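The values are calculated or read from the model by the stated rules, or taken from the named source; none is laboratory data. None of the values given here were measured: they were computed from a predicted structure. Please note: Cβ atoms are built from the backbone with ideal geometry, for glycine as well, and neighbour counts cover all protein chains shown. Protein only, heavy atoms only, side chains kept; ligands, DNA and RNA dropped before computing areas. Shrake-Rupley method; radii C 1.70, N 1.55, O 1.52, S 1.80 Å.
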Amino acid sequence: MTRILIVDDEFHMRQLLRIYLQQHDFHVDEAENGKEAYDKILKENYDLMILDVMMPVMDGWETLEKIRKISDIPVLMLTAKGTTEDKVTGLTSGADDYLVKPFEEAELVARIQALLRRIQKSTEEDELLKYKGIVLNLSARIAFYLEETINLTPTEFDLLEVLMKHKGKVLSREQLIEMVWGIDFVGEDRTVDSHIKNLREKLRKAGVKEQIIKTVWGIGYKVE
């Protein structure tokens, strides 16, 4: 089921959008401000976000700017402003489409479906891996913790990617070598230990308080 995040400080607008979208079999989640939306994007996977512009504390533009640092989720801006300047601002800030209040249910749904089709047809493979605030942008090969970039070497990035993709599964040193370095690797399997040590230290310095890479003695490593 397609998951949509509605971000609007007005309760009645969120309820109206929920009613419209659920009638078309969309799964709906809500955030009443930009900070709550940012936190949800960090923890959950959504297919599309409907983002209001005029919100207190952190408006739609600031929210969009922060979210674009960690996600390429399709964004439909929703606002009472309808000038050309506002539309240009939204689209150049990273929004994918712009809908002015008041709107008809049919137009809202049509724009959402058009955005989803566009993303499905895209040849970009901008896949994101997320775990406890850590985000890996696989196509850009950039790692983040919350809003900050984690400077990883290519091997460290590959190692973290493999562990996160196999979350909960114990991988032996031999398996990690084959997945990260390749079957033609020549060297000691303790090479994995050195890279794990460096990776853990970089995650710690980035602010990750929990030791997410666990050692399974006599076997290898896993991400819980």
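Here the chain is treated with +1 on each Lys and Arg Cβ and -1 on each Asp and Glu Cβ, and its dipole about the Cα centre works out to around 720 debye. With θ taken as phi - 60° and the Karplus curve 6.51 cos²θ - 1.76 cosθ + 1.60 applied, the whole-hertz 3J(HN,Hα) list for the stretch 29-42 is 10, 10, 9, 9, 7, x, 5, 5, 5, 4, 4, 5, 4, 5 Hz, x standing for glycine and proline.
Per-residue Karplus couplings for the stretch 61-73, computed as 6.51 cos²θ - 1.76 cosθ + 1.60 with θ equal to phi - 60°, are listed in order as 5, 5, 4, 4, 4, 5, 5, 5, 6, 10, 8, 10, 4 Hz, Gly and Pro entered as x. Pairs over the 27 Å Cα-Cα cut-off, from the set 66/214; 130/197; 35/214; 132/197: 66/214; 35/214. Positive-end ranking of 56, 219, 6 along the dipole of the chain, with charges on Cβ about the Cα centre, is headed by 219. Put a dot 7 Å past the Cα of residue 151, heading toward its Cβ, do the same for residue 214, and the two dots end up 3.2 nm apart. Computed with a 1.4 Å probe over protein heavy atoms only, the accessible surface of the chain comes to 54 Å² per residue.
Neighbours of residue 6 by Cβ distance under 9 Å: Lys/Arg scored +1, Asp/Glu scored -1, total -2. For the chain, DSSP calls about 50 percent of its internal beta bridges antiparallel.
The helix-based estimate of mean residue ellipticity at 222 nm for the chain, built from -39,500 (n - 2.57) per DSSP H run of four or more residues and divided by its residue count, is -12000 deg cm²/dmol to the nearest 500. Length gained on full extension, residue 190 to residue 65, computed as 0.36 nm times the residue gap minus the Cα-Cα distance: 40.8 nm. Over the chain, with every protein chain in place, what whole percent of the accessible area is carbon and sulfur at 1.4 Å, could you tell me? That share works out to 49 percent. Label-to-label distance, residue 141 versus residue 101, with points set 7 angstrom from Cα along the beta-carbon direction: 4.4 nm. Look at the dipole of the chain built from charges on Cβ: of 140, 98, 166, the Cα furthest out on the positive end belongs to 166.
With viscosity 0.890 mPa s and temperature 25 °C, the Kirkwood radius over alpha carbon pairs of the chain converts through Stokes-Einstein to a diffusion coefficient of 126 µm²/s.
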